[in-house]
């Protein structure tokens, strides 16, 4: 492993990750490990109690309407199946653009998230239907396991960007992380970030369900942020548990603390297991009370989901019309 | 969306008031019935969040207490002492279930009468009160295993006075063990918070509890003093201020009556440098702002290791800015109203002394309702051990922050108080937690948490925080006597 980090050009005027690493006193394996292990611990009982307490917030009336629209605009509408087809991806793109064709007041979603080979189809279809503003996110780096050579991971990323992805959802090497090879995980993120260059936003998937402990979640969050992540994301959606409230809480606390220390605002993306409007609103409460209202913006908070969107739409109709419609009144992709 | 206003300010989410019906006035509950007070006196009880008059409460006098004590004596001798434990247990289970069915009603009533947030009455006060009845129901037929000999006996009639900070919960802490151990009860609720006790009286009727087993005599300090002085009471239990506790103790000295006192505190919450800092911040907030700081075991003195002081205070202040102060009936309210004007005055007086003595006060910039009794969450830094705010119990949402350099110094400062009710320790080092919990002179020590309660866990203090324990096996003991111990005879004068 290289002893000195490569200088990486960052998009959006972000300090280069090597400068950041220097700020955090990180220059090699040893200093990175020391840094991560001196982060304050997380008390499991305490964080779970706090998350449970915030889950009792009661969001009603105009706050609820606002939250539903905000949640819709934060959805990374996702399909990540072996059975994905061009038809499926196109219909997902239409849904992303006009979630409810009968109500043009519904905002479009945050992004469409697909596998590498579907990026071009999604991009060209979105452009064709006049939805140029909706980015395509590609899962990358041998998603979901990340078990491939670095060369393959870089190529995977470059392919997606060349096909039109402007957001890259990469996975970290959990095996390396759990073995304590933090620098290896770090270097991979730096390299993928370099590949993204100024062309794509980088979301780093921690796969918290495999990291298991809350201390690991905090360490992985910091590792990813210092290495150059624009977003830290909980999960691939292929592992349970995924975006549990305490995990999201810890990641939100991490981006807040990182911002206070560096002035750099990193986004958070929970993914997996958020299926109902109630779940989504609980996520927004966490954002509001842990990271702060500055994160209540699709630029800094996304929700990786598929079924969630229809539930949000049905809640929205209910708030508008005063009664629950059947699920036949929202489209199935 | 405007730039500076948070668009996600939660809309009001008030709990419905329609669940409760409050009578325009209440009688005393004596011998299984509501009876008008012989004193003919009544006083108003208000909602401290709005100053709205809720009802008129009877002011029990000496004659009323005579009736109540006589009813309790009769119930003890004719019914309750003759019932086998398993039968007493059934009554307690029945009370618990009836309370459970009406839990939301109790929660709303408590919030209206006390001013504490509905989130707390709904999620803490009422469920815990119910748990105390379930827990003690289980003990009723197992008292020979309580550790007080093979044939433990009840005292007879127990006099109980409870405070206003957790009205129904304190009632449960007192009544449940007394009934489980076979005693009968005359209870006086706090002057400002009688309503849930009176609803509990209705539960006793619905549970068909034999008349006289529980008697509830509402009133003020004079009613309490008469109960303390009453010859017909065999055992006394009090929760409240140290000042009143001392007076009770003086009054009962040489009477031979067993007394339990659960009094004030000035709990130390000790945060070591290796603590899980975000959860410590939560614990500090929970420790001092839970129930507006109207908690005898509140973590009102924060002892923080000097090398993390600034960082911790910064995080704490940001967290406190998120505390939602306001309408206690709103489900999103974190901090409700101060229980009474008198208490508010006391908090104001003590915080002023803090500023005069040179401590630095900080409060978030939150709006307060125009009516009712309110106080912003407050933290004082630059506090030294000699400040009044570091020594006296404020009983409000006011935290005094002190620093220490070494673990030994932390313990020394934590123990440097006339009180000894509760303390908290925050550290990721197990050995340090165990060491600190041995060294601290406090009845309850929380490790990496604060203000957690359970019916199975004994609660009580050292030094001026009182004596005796409530809850758990230990909490049964003050209500039991050895069969070989002669019971205090009630004086003839009472049995007219």
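The values are calculated or read from the model by the stated rules, or taken from the named source; none is laboratory data. Because the structure is predicted, anything quoted here is derived from the model rather than measured. Ideal geometry is used to build each Cβ from the backbone, glycine not excepted, and the neighbour counts take in all protein chains shown.
Would a scan of the stretch A:216-225 turn up a residue that is more than 22 Å from residue A:44 (Cβ to Cβ) and modelled with pLDDT of 95 or more?
From the stretch A:216-225, those more than 22 Å from residue A:44 (Cβ to Cβ) are A:225; that's our starting set.
Filter once more, keeping what is modelled with pLDDT of 95 or more: A:225.
Within the stretch A:216-225 (the criterion being more than 22 Å from residue A:44 (Cβ to Cβ) and modelled with pLDDT of 95 or more), the answer is yes, since at least one residue qualifies.
Out of everything in the stretch B:399-429 that is within 14 Å of chain A (Cβ to nearest Cβ) and part of a loop (DSSP other than H, G, I, E, B), what residue ends up being nearest to residue B:462 (Cα to Cα)? Talk me through it step by step, then tell me what you get.
Our first condition is that a residue be within 14 Å of chain A (Cβ to nearest Cβ); within the stretch B:399-429, this holds for B:424-429.
Retained after the next criterion (residues that are part of a loop (DSSP other than H, G, I, E, B)): B:427-429.
Numbers: B:427: 24, B:428: 27, B:429: 26 Å.
Ranking the qualifying residues of the stretch B:399-429, first place goes to B:427.
So which residues in the stretch B:436-472 are without any contact (Cβ under 8 Å) to a residue 60 or more places away in the chain, farther than 22 Å from residue B:181 by Cβ and either away from chain A (no Cβ under 14 Å) or under 17 Å from the mean Cα position of the chain (by Cα) (or both), if there are any at all?
Hits for the stretch B:436-472 are B:437, B:438, B:439, B:441, B:445, B:452, B:462, B:463.
Condition first: buried (at least 18 other Cβ atoms within 10 Å of the Cβ) and within 14 Å of chain A (Cβ to nearest Cβ). Now tell me which residues in the stretch B:1-26 satisfy that.
Within the stretch B:1-26, B:8, B:10, B:13, B:15 meet the criteria.
Considering each of A:163, A:138 in turn, give the residue that is crowded, with 17+ Cβ neighbours inside 10 Å, under 17 Å from residue A:92 (Cα atoms) and touching a helix residue (DSSP H, G or I) at 6+ places or on another chain (Cβ under 8 Å). Reasoning before the result, please.
Numbers: A:163 fails: under 17 Å from residue A:92 (Cα atoms).
Sole residue among the options that is crowded, with 17+ Cβ neighbours inside 10 Å, under 17 Å from residue A:92 (Cα atoms) and touching a helix residue (DSSP H, G or I) at 6+ places or on another chain (Cβ under 8 Å): A:138.
It is to be established whether one or more residues within the stretch B:355-363 are in a loop (DSSP other than H, G, I, E, B), surrounded by 21 or more Cβ atoms within 10 Å (Cβ to Cβ) and either within 14 Å of chain A (Cβ to nearest Cβ) or in contact (Cβ under 8 Å) with a residue 24 or more places away in the chain (or both). So that I can check it myself, show each step before the final result.
To start, the set of residues in the stretch B:355-363 that are in a loop (DSSP other than H, G, I, E, B) comprises B:357-359, B:363.
Subsequent filtering for residues that are surrounded by 21 or more Cβ atoms within 10 Å (Cβ to Cβ) retains B:359.
Right, trim to either within 14 Å of chain A (Cβ to nearest Cβ) or in contact (Cβ under 8 Å) with a residue 24 or more places away in the chain (or both) and you get B:359.
Yes.
Filter the stretch B:308-347 for residues that are within 13 Å of chain A (Cβ to nearest Cβ), touching a strand residue (DSSP E or B) at 6+ places or on another chain (Cβ under 9 Å) and assigned to a helix (DSSP H, G or I) and give the result.
Result: B:308, B:312, B:317, B:320.
Among the residues of the stretch A:25-40 satisfying the criterion of being in a loop (DSSP other than H, G, I, E, B) and either crowded, with 18+ Cβ neighbours inside 10 Å or without any contact (Cβ under 8 Å) to a residue 12 or more places away in the chain (or both), which is farthest from the other protein chains (Cβ to nearest Cβ)?
Taking the stretch A:25-40 first, the residues in a loop (DSSP other than H, G, I, E, B) are A:25-28, A:38-40.
Of the ones still in play, those that are also either crowded, with 18+ Cβ neighbours inside 10 Å or without any contact (Cβ under 8 Å) to a residue 12 or more places away in the chain (or both) are A:25-26, A:38, A:40.
Values: A:25: 17, A:26: 20, A:38: 10, A:40: 4 Å.
Only one residue fits best here, namely A:26.
Which of the following residues is buried (at least 20 other Cβ atoms within 10 Å of the Cβ) and within 16 Å of the chain's Cα centre (by Cα): B:140, B:129, B:96, B:154?
On the way: B:140 fails: within 16 Å of the chain's Cα centre (by Cα); B:96 fails: within 16 Å of the chain's Cα centre (by Cα); B:154 fails: within 16 Å of the chain's Cα centre (by Cα).
Answer to the selection: B:129.
Any idea which of (1) within 14 Å of chain B (Cβ to nearest Cβ); (2) in a helix (DSSP H, G or I); (3) modelled with pLDDT of 95 or more; (4) surrounded by fewer than 20 Cβ atoms within 10 Å (Cβ to Cβ) is the one residue A:50 doesn't satisfy?
It is condition (4) that residue A:50 fails.
Yes or no: the stretch B:43-50 includes at least one residue that is surrounded by 15 or more Cβ atoms within 10 Å (Cβ to Cβ), more than 14 Å from chain A (Cβ to nearest Cβ), farther than 30 Å from residue A:63 by Cα and touching a helix residue (DSSP H, G or I) at 6+ places or on another chain (Cβ under 8 Å).
Checked the stretch B:43-50: at least one residue is surrounded by 15 or more Cβ atoms within 10 Å (Cβ to Cβ), more than 14 Å from chain A (Cβ to nearest Cβ), farther than 30 Å from residue A:63 by Cα and touching a helix residue (DSSP H, G or I) at 6+ places or on another chain (Cβ under 8 Å).
Which ranges mark the helices (runs of 4 or more DSSP H) fully within the stretch B:99-199 that have 1 or more residues being within 14 Å of chain A (Cβ to nearest Cβ), modelled with pLDDT under 95 and more than 21 Å from residue B:83 (Cβ to Cβ)? Working first, answer last.
Numbers: elements: B:103-114, B:126-139, B:167-180.
In the stretch B:99-199, there are no helices (runs of 4 or more DSSP H) which contain 1 or more residues that are within 14 Å of chain A (Cβ to nearest Cβ), modelled with pLDDT under 95 and more than 21 Å from residue B:83 (Cβ to Cβ).
I'd like the residue in the stretch A:69-79 that is assigned to a helix (DSSP H, G or I) and either in contact with a helix residue (DSSP H, G or I) (Cβ under 7 Å, 6 or more places away or on another chain) or within 21 Å of residue A:250 (Cα to Cα) (or both) and, out of all such residues, is nearest to the other protein chains (Cβ to nearest Cβ). So that I can check it myself, show each step before the final result.
Filtering the stretch A:69-79 for residues assigned to a helix (DSSP H, G or I) gives A:69-74.
Then drop every residue that is not either in contact with a helix residue (DSSP H, G or I) (Cβ under 7 Å, 6 or more places away or on another chain) or within 21 Å of residue A:250 (Cα to Cα) (or both), which leaves A:70-72, A:74.
Numbers: A:70: 8, A:71: 11, A:72: 15, A:74: 13 Å.
Among those that are assigned to a helix (DSSP H, G or I) and either in contact with a helix residue (DSSP H, G or I) (Cβ under 7 Å, 6 or more places away or on another chain) or within 21 Å of residue A:250 (Cα to Cα) (or both), it is A:70.
Among the residues of the stretch A:55-68, count how many are surrounded by fewer than 16 Cβ atoms within 10 Å (Cβ to Cβ) and more than 9 Å from chain B (Cβ to nearest Cβ).
Qualifying residue count for the region: 1.
Only one of (1) over 22 Å from residue B:325 (Cβ atoms); (2) out of contact with any helix residue (DSSP H, G or I) (no Cβ under 7 Å at 6 or more places or on another chain); (3) assigned to a loop (DSSP other than H, G, I, E, B) is not met by residue B:368, so which one is it?
Only one criterion is unmet by residue B:368, namely (1).
Condition test on residue B:29, is it farther than 30 Å from residue A:294 by Cβ and either in a strand (DSSP E or B) or within 14 Å of chain A (Cβ to nearest Cβ) (or both)?
So residue B:29 fits the description; yes.
Here is a list of conditions, (1) over 23 Å from the mean Cα position of the chain (by Cα); (2) in contact (Cβ under 8 Å) with a residue 40 or more places away in the chain; (3) buried (at least 20 other Cβ atoms within 10 Å of the Cβ), and residue A:74 meets all of them except one; can you say which number that is?
Against the list (1) over 23 Å from the mean Cα position of the chain (by Cα); (2) in contact (Cβ under 8 Å) with a residue 40 or more places away in the chain; (3) buried (at least 20 other Cβ atoms within 10 Å of the Cβ), residue A:74 comes up short only on (1).
Output the residue which, of all residues in the stretch B:267-293 that are assigned to a loop (DSSP other than H, G, I, E, B), more than 30 Å from residue B:480 (Cα to Cα) and in contact (Cβ under 8 Å) with a residue 60 or more places away in the chain, is farthest from the other protein chains (Cβ to nearest Cβ).
We begin by selecting, within the stretch B:267-293, every residue assigned to a loop (DSSP other than H, G, I, E, B); these are B:267, B:272-276.
So of that shortlist, the ones also more than 30 Å from residue B:480 (Cα to Cα) come out as B:272-276.
Going one step further and asking which of them are in contact (Cβ under 8 Å) with a residue 60 or more places away in the chain, we end up with B:272, B:274-276.
Details: B:272: 11, B:274: 8, B:275: 7, B:276: 4 Å.
Among those residues, the one meeting the criterion is B:272.
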